[in-house]
Number of protein chains: 2
Amino acid sequence: MSQKLNTPKGTRDFSSFELKKREYLLNILKNCFKAFNFQEIQTPSFENLTTLTGKYGDEEDNLMFKILSSGDKIKKADTEALKNNKLTKFSNSLSDKALRYDLTVPLSRFVSQNLNNLSFPFKRFQTQLVWRAERPQRGRYREFLQCDVDIIGESNFLNEVECIKIYDSVFKRLSMPIVNLRINNRQILDGISQLMNLDSVNEIAPILDKSDKIGYEGVIKKLTEKNISDSSINQLKFFLELKGSNQDKINSIRSKFTSNNISIDGVDLLEKIINTSQKFNLNNVNLTFDLSLARGLSYYTGTIIEVSSPDEFNIGSIGGGGRYDNLVQEKNPRLSGFGISFGFDRICLLLDELNLFPNELDSSKSFLFLNFGLDKIDKLPVFIDKLREKNITCEIYPSDNKIKKQMDYANQKGINYVVIIGEDEFKKSIFKIKDMLNGAESTFNLNDIVSEIEKLS
Amino acid sequence: MSQKLNTPKGTRDFSSFELKKREYLLNILKNCFKAFNFQEIQTPSFENLTTLTGKYGDEEDNLMFKILSSGDKIKKADTEALKNNKLTKFSNSLSDKALRYDLTVPLSRFVSQNLNNLSFPFKRFQTQLVWRAERPQRGRYREFLQCDVDIIGESNFLNEVECIKIYDSVFKRLSMPIVNLRINNRQILDGISQLMNLDSVNEIAPILDKSDKIGYEGVIKKLTEKNISDSSINQLKFFLELKGSNQDKINSIRSKFTSNNISIDGVDLLEKIINTSQKFNLNNVNLTFDLSLARGLSYYTGTIIEVSSPDEFNIGSIGGGGRYDNLVQEKNPRLSGFGISFGFDRICLLLDELNLFPNELDSSKSFLFLNFGLDKIDKLPVFIDKLREKNITCEIYPSDNKIKKQMDYANQKGINYVVIIGEDEFKKSIFKIKDMLNGAESTFNLNDIVSEIEKLS
């Protein structure tokens, strides 16, 4: 191992200190999901390639980590495809599995596979890793924890409202400042793209999605560059220039869509969601109808939402979600799904920057028994055993190194108390405890060792 | 999604019911590791290929799941190697990362990388998934949870003793029957292979490892088939035929190794570990010196141990570990490591068969608010909100379906209480709670709703 060892690009190790912070956040998320009566499931880290591809969009498919087939299977390599520079075809001949890209497509596979054993609406949460071969940047990793809640089998708008309320509850529990939660509807975007004479909303969605970075002018510029006609762009301008309250925007749009039933349905739904959400006592989210919100993933069909990090922290979205009608079972509206996702790593980053992690993440105390000779420790294990049975953290220094070295170890590891039972103490049937914070030493009767240490723990 | 959807071979989904069992076991393991003052770390799911290969043995290297390079990198495919049937060379040209095969090699990478920031002895635990492209069978999956504790930077035998005690504590906390914990030492096996005039212990280790399945006769037969000479086999027979207590076996072996210092060191160490372990109050493990224990992984250099499932359950090893002197930093004895591993999935299987999971894994109660009309639920969110803030699990049925359907949902989901506030109840300012287990209905004042539900939760 002479070469330099590193974690792969875009991945991280976590120390015990960092894990305690992550555990704090994960517990808040899970407790909140449970309070809303979502039930946890877990799925495998990788799925069959056929399960994953074609659901997210072409660009996203290319960001999947594929797993190389093992053993003789790689003999099937399509070297013709390689020669012809058909790289996707070549890689697909070498792989039939990929690490999951999100938790939504695995969920839809889970539901399809267990259709007869589940009761609907099926409300599940899932907190597992996902992997994306993206360029790493601040708050964006190639391996990261995704925390999702989804409701499958019920298309009612109350699901949207409950999920918005989950964002609110989580951010309240975290004592976060108010976050912006933007909402839109793909059916409205479809209507706009029809008014623009486009084949599909996908022609403008990626550009719209950048509007918070490049601004209104930037969007118009990029659309012109894409050879979208001036008359089409003018149609879009009407929508992008809408001002006023959510209700004002809704009223203006409704007047535009008099003949497009699907888009009118989208507007009606949006109005219901926004109005009902107010009754759910939102404290920590500011719900805003934003016509420029498009969201990349191609499986969304109805409501889409996205939570931004506060303006002063430029780390992008910290959550988002939407309704997907055709993902679980094509054309079966009973299995419409709606779900949201928390960007765990980015929220961790925010809590750090905002100093919102509790000061004391772990209040349990730890004890080190000094080692005065490997031939003299015979009587210690009985005490230590009893303490550990009470889940009191204690250890015996593993060798009879110099006491100074043992004390250094205690200091470096942040051990709270050192327990001293040398030959002298054993003779007198006493023991000493040294408080490593203030250096104070106390002496006790050896018979009371378990109860005395328990008092301090 | 018309084709049949499945999890990939050797992987599993987990339902909420199964996850509660797994959480129970994981908590016992983690609490025990913490009581011994091990600190948690986590490492990425995949590592650079150079970090992983060459550490486990050739056979094991072939069982790694490699990750296909993304984008243009696969143009580097070594098609010459494919033509010449050099499959490993071909696959290595397509991949520079692999899913981790165990948690020990990632740990050694972690320690090497953070050498200057860690204090030694470094005691860590880690509970994460590992992946192996093995043929799946009962209790053996391609994705499974590994739970490890390791001590790095201290070669003292007390570490072995503490880890044996961890097995004992965990199995005691789980109320398991007594398990057999077999112990051996690679230095003794090296001495035996020298007496047999073999180049390396690896010539016999895989056969010895099968002795619990094929028996003494089977081992001799396989060695003969492998063209190992009769005189060599006779040397081995002396060791395999040893009977009596651990101490008897140790004495006999010592008499054989008069001139082999390294093997004598191994015997001395073994004796110390066995004798000291007795003082650590072993309740749930039966510690047996077993000369046929070899363990496959090639990085072990000293003590090796293995825990078998009770005889009546034929699911193989449920844990094991050993000392590795050269894995973290070659030739640096300060960083000798010792660690053990728990086979989480197999222990789960055992707890199930032995009926050792607690009856009530989750004691919290759940409440469903019936939905009497989406236009009539305005007043419910305030109550529900207050309850959820107290982490009481409650939900409102998401649509105004027939009450019968809503009650069916409550039954199927195992909801404990249904809360009834229809038009009539609102008028009278009351609410009703139906106990779904016995059907009993009680009526309360609507003002007391939060406190009444809290009493039941």
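The values are calculated or read from the model by the stated rules, or taken from the named source; none is laboratory data. In this text, all values refer to a predicted model and were calculated from it rather than measured experimentally. For neighbour counting, all protein chains shown are included, and Cβ atoms are generated from backbone atoms with ideal geometry for every residue, glycine included.
At a glance:
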| item | result |
| --- | --- |
| Sole residue being under 30 Å from A:Asn391 (Cβ atoms), surrounded by 14 or more Cβ atoms within 10 Å (Cβ to Cβ) and aromatic (Phe, Trp, Tyr), chosen from B:Phe171, B:Phe257 | B:Phe171 |
| Qualifying residue in the range A:206-220 (condition: surrounded by 24 or more Cβ atoms within 10 Å (Cβ to Cβ), away from chain B (no Cβ under 12 Å) and outside any helix (DSSP H, G or I)) | no |
| Some residue of the range B:336-358 being without any contact (Cβ under 8 Å) to a residue 40 or more places away in the chain, outside any strand (DSSP E or B) and surrounded by fewer than 23 Cβ atoms within 10 Å (Cβ to Cβ) | yes |
| The listed residue being assigned by TED's automatic domain parsing to the domain that holds B:Gly343, assigned to a loop (DSSP other than H, G, I, E, B) and either of a type in the set (A, V, I, L, M, F, W, C) or touching a residue at least 12 places away in the same chain (Cβ under 8 Å) (or both), out of B:Tyr56, B:Tyr24 | B:Tyr56 |
| Test: residue in the range B:81-103 that is in contact (Cβ under 8 Å) with a residue 40 or more places away in the chain, out of contact with any strand residue (DSSP E or B) (no Cβ under 7 Å at 6 or more places or on another chain) and assigned by TED's automatic domain parsing to the domain that holds B:Ala294 | no |
| Any hit, the range B:443-454, residues being modelled with pLDDT of 95 or more, within 14 Å of chain A (Cβ to nearest Cβ) and farther than 29 Å from A:Asn284 by Cα | no |
| Strands (runs of 3 or more DSSP E) enclosed by the range A:66-180 - at least 3 residues per element that are more than 22 Å from B:Leu99 (Cβ to Cβ) | A:122-131, A:143-152 |
| Residue satisfying condition, being closer than 30 Å to B:Ser366 by Cα and either of a type in the set (Lys, Arg) or out of contact with any Pro (no Cβ under 9 Å at 6 or more places or on another chain) (or both), within set A:Ser91, A:Ser108, A:Ser95 | A:Ser108 |
| Residue that is farthest from the chain's Cα centre (by Cα) [pool: residues in the range B:141-163 that are among the aliphatic types (A, V, I, L, M) and crowded, with 21+ Cβ neighbours inside 10 Å] | B:Leu158 |
| Of residues in the range A:367-392 being charged (D, E, K, R) and more than 7 Å from chain B (Cβ to nearest Cβ), the one surrounded by the fewest Cβ atoms within 10 Å (Cβ to Cβ) | A:Asp375 |
| Selected residue (only one of B:Val111, B:Val105, B:Val130 is more than 9 Å from chain A (Cβ to nearest Cβ) and more than 20 Å from the chain's Cα centre (by Cα)) | B:Val111 |
| Output for the range A:81-110, where each listed residue is farther than 24 Å from B:Glu47 by Cα, crowded, with 21+ Cβ neighbours inside 10 Å and aliphatic (A, V, I, L, M) | A:Val105, A:Leu107 |
| Looking only at the range A:60-70, and only at residues there that are closer than 21 Å to A:Cys147 by Cα and buried (at least 20 other Cβ atoms within 10 Å of the Cβ), the one that is farthest from the other protein chains (Cβ to nearest Cβ) | A:Met64 |
| Filtered residues of the range A:279-291 (kept if more than 12 Å from every other protein chain (Cβ to nearest Cβ), part of a loop (DSSP other than H, G, I, E, B) and surrounded by fewer than 19 Cβ atoms within 10 Å (Cβ to Cβ)) | A:Asn284 |
| Hey, A:Glu395 at the interface with chain B (Cβ under 8 Å from one of its Cβ atoms) and within 22 Å of B:Ser119 (Cα to Cα) or not | yes |
| Residue count, the range A:193-215 (criterion: in contact with a helix residue (DSSP H, G or I) (Cβ under 6 Å, 6 or more places away or on another chain) and either more than 25 Å from A:Asn261 (Cα to Cα) or not polar (S, T, N, Q) (or both)) | 5 |
| Residue count, the range A:1-51 (criterion: farther than 26 Å from B:Gln412 by Cα and either at the interface with another protein chain (Cβ under 7 Å from one of its Cβ atoms) or not hydrophobic (A, V, I, L, M, F, W, C) (or both)) | 30 |
| Those residues of the range B:181-198 which are in a helix (DSSP H, G or I) and at positive phi, in sequence order | none |
| Condition broken by B:Asp78, with the remaining ones in (1) surrounded by 16 or more Cβ atoms within 10 Å (Cβ to Cβ); (2) more than 7 Å from chain A (Cβ to nearest Cβ) satisfied | (1) |
| Complete set of residues in the range A:309-335 that are at pLDDT 80 or above, closer than 30 Å to A:Arg109 by Cβ and either touching a strand residue (DSSP E or B) at 6+ places or on another chain (Cβ under 7 Å) or acidic (Asp, Glu) (or both) | A:Ser317, A:Ile318, A:Gly319, A:Gly320, A:Gly321, A:Gly322, A:Arg323, A:Tyr324, A:Asp325, A:Leu327, A:Val328, A:Leu335 |
| Test result for A:Gly57, crowded, with 16+ Cβ neighbours inside 10 Å, at positive phi and either in contact with a strand residue (DSSP E or B) (Cβ under 9 Å, 6 or more places away or on another chain) or modelled with pLDDT under 95 (or both) | yes |
| Single unsatisfied condition, B:Tyr167 versus (1) in contact (Cβ under 8 Å) with a residue 24 or more places away in the chain; (2) in contact with a helix residue (DSSP H, G or I) (Cβ under 8 Å, 6 or more places away or on another chain) | (2) |
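Conditions (1) of a type in the set (Val, Ile, Thr); (2) farther than 29 Å from B:Tyr167 by Cα; (3) modelled with pLDDT under 90; (4) within 26 Å of the chain's Cα centre (by Cα), marked per residue:
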site: B:Arg346; (1), (2), (3), (4): no, no, no, yes
site: B:Leu351; (1), (2), (3), (4): no, no, no, yes
site: B:Asn355; (1), (2), (3), (4): no, no, no, yes
site: B:Pro358; (1), (2), (3), (4): no, no, no, yes
site: B:Leu361; (1), (2), (3), (4): no, no, yes, yes
site: B:Leu368; (1), (2), (3), (4): no, yes, no, no
site: B:Lys376; (1), (2), (3), (4): no, yes, yes, no
site: B:Val382; (1), (2), (3), (4): yes, yes, no, no
